[in-house]
1. Would you please give the FRET efficiency between residue 132 and residue 83, computed as 1/(1 + (r/R0)^6) with r the Cβ-Cβ distance and R0 = 35 Å, to the nearest 0.05?
2. May I ask you to sort 48, 173, 101 by Cβ crowding, counting other Cβ atoms within 10 Å and putting the fewest first?
3. Could you please state, rounded to a whole Å, how far the C-alpha centre of the stretch 43-63 is from the C-alpha centre of the stretch 113-135?
4. Could you state the per residue volume, in Å³, of the convex hull enclosing the Cα atoms of the stretch 35-183?
């Protein structure tokens, strides 16, 4: 490790220590212990009734679009088969007309697929943003009710792990799930 990196790490450690001491040494916080808890946001996402309902909505939404795409796909396959089987028996003008019809329908199909994918992505983003807002509200309510100064996201192997170790008694994931389900039936 070079000198610059060592200096940066040392500076970071000192600034974090001073920040922590500043919080603990403040008169308002000195009288009461600093309670910090953890929440597994991924577990909340997977286990709340609201999210399951939203996933069903999204599944129905994309399923309806998939049916339309499948119908268009069948039409294209039939057109292509007709074009291939009758290509030698058609006049040049008729063949060009069928090819143009096929090309036009193929382009419309591709545009429709792109539009549907965009719609689905937009819906997913709306749902994710809505969940995040509700999650933050619920976490704040649980933290205030239980007297916690801060709640950290535990993270997971799939996401960025923020908390490397936490005792089970400071894990408020189940309380957050219960509160979430109570608020958003």
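Throughout, read-outs are computed from the coordinates displayed, never taken from laboratory work. Just so we're clear, the structure is a prediction, and the values are computed from it rather than from any experiment. Positions of Cβ are backbone-derived with ideal geometry, glycine not excepted, and every protein chain shown enters the neighbour counts.
1. 0.10
2. On the way: 48 23, 173 19, 101 13.
Taking fewest neighbouring Cβ atoms as first place, the list is 101, 173, 48.
3. Cα centres, the stretch 43-63 to the stretch 113-135: 12 Å.
4. Once divided by residue count, the hull of the stretch 35-183 is 124 Å³.
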